[in-house]
Each structure stands twice: as structure tokens, then as C-alpha cells.
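Here the structure is laid out as C-alpha cells; the discussion comes afterwards.
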Amino acid sequence: MLVAQLNGRLIEAQKVSKDTSKKSRANFICPQCRQSVILKRGQYRIAHFSHRGLSDCPYSESESAAHQAGKLRFQADISEIGHMAVIERDFDAIKQRADVYVPDWQLVFEYQCSPISFTEIKRRTAGYQQVAADVIWIVGDRHATGRYRREQIAKFARFNDRLGFYFVSYSSKTRLFGLHYFIQEVAGKMVAEVQKFSNLRALMAFMRTSQTHYSQQIGGHFQARQRILHQLRTIQESNLRRAKTYLSSVNACYAAGRQFVGCPMICHGQAGGGLPIVKQGVLGWKVWLVLQLFERGQQDFSTSELEAIFEAGCEQFLIEFAQVRVGRQLMADRFRQFIRDCRSAGYLRYTIGGIAIINRPEWFDDYDQKRRFILTNRQLL
């Protein structure tokens, strides 16, 4: 740990002078368990306090040098902005200790270098939100590999209208902050824009002034064609290997007498993807919607029936996020957009009480037929 009590006041390990250390060798106290702790530092280690021998104190957990260095870096950067930052701030009411707390902003920074479960992230986030205005999780090198997984996004992602889904990283190796923003699923793969910053001031300035918007399109017509072809190949290879990746979608299509790989082009969308809010991928969700709307033999759907389809889709597909509260709203937006896309494609029309099916999207017999269509038709959707 980086702080201890000395004569009833908190003191940071890095600020203890040699004279103070010699005079107070036996007087450093753990602020949690009230046991004596000792100061450790050297040429190749970050100054910190350690319990004497084994201890069951929650503060006695081993802490990596990268984690300790990160907290000190955050404190230094916030101080340069002109605000006080408290390292290892205790919140007794929730029995949690924040890595860094900025009282002026009522903001907690948590630096996550080690593995952590979704449940623990959610629990700690809810706890900090009881005693502070907000909490920002900054991930270390372990969690910022450049590969984006749904599990990772569910844990650490935040959301706003300009940056879309995003999270912040800090590398102890390069000493750079990273903003991973505009996270989307494109043809089954998670991608993101990444900006690097030398300090927190520059990162926060970019987040305040960025002109990006999460709803912007990715690439043009040629890129969309290539992405869909790549996704199609991935599905076909997965089916041949009998992998579990698309198994639930494959089975749902099989039950309706269809092939998942032959799903209508309306399922792919112009960009071949969308927001990372769907457990089994955007394509799987849209195929499920096509099955619900067009493969039942039903000609009309009332507003209440559409709401029931939306609710069932949320229960089956919507990702739970530890920090994002607008997932359901975003899913509703995407559902309404899909209905509008189907109307624009000539598959349905609006009625006073809901929608009516006037045409049904074409399914393909197999992978080869669909691939030929994509390669030879300029207008894909």
C-alpha cells in the first residue's frame, strides 16, 4: 500500500523523508487494521508500506509495481491540472478503498492491472456511485491488448453520444494513456478507434472536444462488400468445423428450414455490423428478427406484438454492462432502425396498429449462391 498513518495523519510512502523514516520506524500504522507497517523502498522499487509478516488485513494484498506506479502517475497528472488527488482513499460506508480520489470532481479512478470478474466490477462501481459522482476504470496492459472482446467491453466500457462505447487505458510500459473509442462490431469482429496521450490533461481535453459521433458509417461501398464477404467466409468455415460460435443461430435457421449462411442481405446491414450490445453478434440478432417477422406465416403485427418480439430479443441477446445504463435504449433504437430498413427495402409497411408484411426477404440456398450475389450485385441491400 502507498499510504499509512503517522501520528494520526495519513502520509504517502514516496513523501517520507529519510530522517522521518529513521525516527518513525515503528510508528507507521495501517489505516485499516491499525497494525504496524514498515516502509520499503530502494533503487528499483516503488516506495510502499508493508505489513509485518502474514496479515489478514484487506490492505495487505500484494500489489504490482505497475499498479503502484500507475496510481502515482494519476495523482501527479491531476495535481498538474490543479486539483488534489488522494491515493488509496477509504470509503468506510461501502468498505471500499479507491485507488485515486479527486474530491473537487467527486470522481474515483480505479486502475485495473490484474484479472477481475464482471460481478466484482459491477459491485465496486455501484459502491463508488453511492459515495462519489462517478468512477472511471482505467485498464492496464493486460486488458489493453488491441483485441476487443465482448466480455472486456461489458466490464470496462462507458458510453456517450460523441465517443460511443469507449474505455481508457494506461500502459506502464510506454507511460501513455489510451482512449479506445467508437467501439463497434464490424462483420462479427470488434474494432475501435485509438488515440494515445502523454498525460491525463490531453486525454480529458480530447474527450471534451472530440467531434466524432458513434453513429457515423464505417468506410464505403467497397469496404462494406469486403467485410460481408469476410463474415460469410467465417460463418462457412465455422459451420464446416462444427464450431459453437454460431450454433444457436444455425439451429434456429435449421428449425425454420433455412441456412444461417444464406440469411437475407438485410441482416448484414450496410456496414456489416453495429454497436457491441448483442451477445451472439449483430448478425445473429437480425437473423432471429427476420425469423420472427417473416418466417411465421403471419401477415400483420400489432404494436404490442412488436413490443413482445423486442422484449424476447432483449432477454436472449442484450449484453449486461457493468457501467453502461443505456443498453436497453440503444437496443430499442436498433430495433426501430431495423423495422425502418425493412420498410425501405419494400418488405413491410406501417399500419395504424403496427406493421403489415407486403414482401419477404430472399434467403440464399447456400454459401456459393450468396457469395456470387455479393460479388456481382452493386446494390447489396
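The values are calculated or read from the model by the stated rules, or taken from the named source; none is laboratory data. Everything quoted here is computed from the prediction, not taken from an experiment. Cβ sites come from the backbone with ideal geometry, for glycine too, and all protein chains shown count toward neighbours. Note: areas computed on protein heavy atoms with side chains; ligands, DNA, RNA excluded. Shrake-Rupley method; radii C 1.70, N 1.55, O 1.52, S 1.80 Å.
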Q. Is there any pair with a first residue in region 93-119 that is farther than 25 Å from A76 by Cα and a second that is aliphatic (A, V, I, L, M) whose Cβ atoms are under 8 Å apart and which are 6 or more apart or on different chains, and what are they?
A. A93/V131; I94/V131; F118/A154; F118/A322
Q.
Condition first: in contact (Cβ under 8 Å) with a residue 60 or more places away in the chain and open to solvent by 40 Å² or more (accessible area, probe 1.4 Å). Now tell me which residues in region 304-328 satisfy that.
A. E320, V326
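Does any residue of region 49-72 turn out to be among the hydrophobic types (A, V, I, L, M, F, W, C), at pLDDT 80 or above and either in contact with a helix residue (DSSP H, G or I) (Cβ under 7 Å, 6 or more places away or on another chain) or part of a loop (DSSP other than H, G, I, E, B) (or both)? Explain how you work it out, then say what you get.
Taking region 49-72 and keeping what is among the hydrophobic types (A, V, I, L, M, F, W, C), we get 49, 54, 57, 65-66, 69, 72.
In the following step, the residues that additionally are at pLDDT 80 or above were identified as 66, 69, 72.
Restricting the remaining residues to those that are either in contact with a helix residue (DSSP H, G or I) (Cβ under 7 Å, 6 or more places away or on another chain) or part of a loop (DSSP other than H, G, I, E, B) (or both) gives 72.
Yes, region 49-72 contains at least one residue that is among the hydrophobic types (A, V, I, L, M, F, W, C), at pLDDT 80 or above and either in contact with a helix residue (DSSP H, G or I) (Cβ under 7 Å, 6 or more places away or on another chain) or part of a loop (DSSP other than H, G, I, E, B) (or both).
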Q. So which residues in region 231-267 are within 24 Å of the chain's Cα centre (by Cα) and either surrounded by fewer than 17 Cβ atoms within 10 Å (Cβ to Cβ) or farther than 26 Å from S344 by Cα (or both)?
A. T234, K244, T245, Y246, S248
Q: For region 361-369, state whether one or more residues are open to solvent by 80 Å² or more (accessible area, probe 1.4 Å) and either in a helix (DSSP H, G or I) or not charged (D, E, K, R) (or both).
A: yes
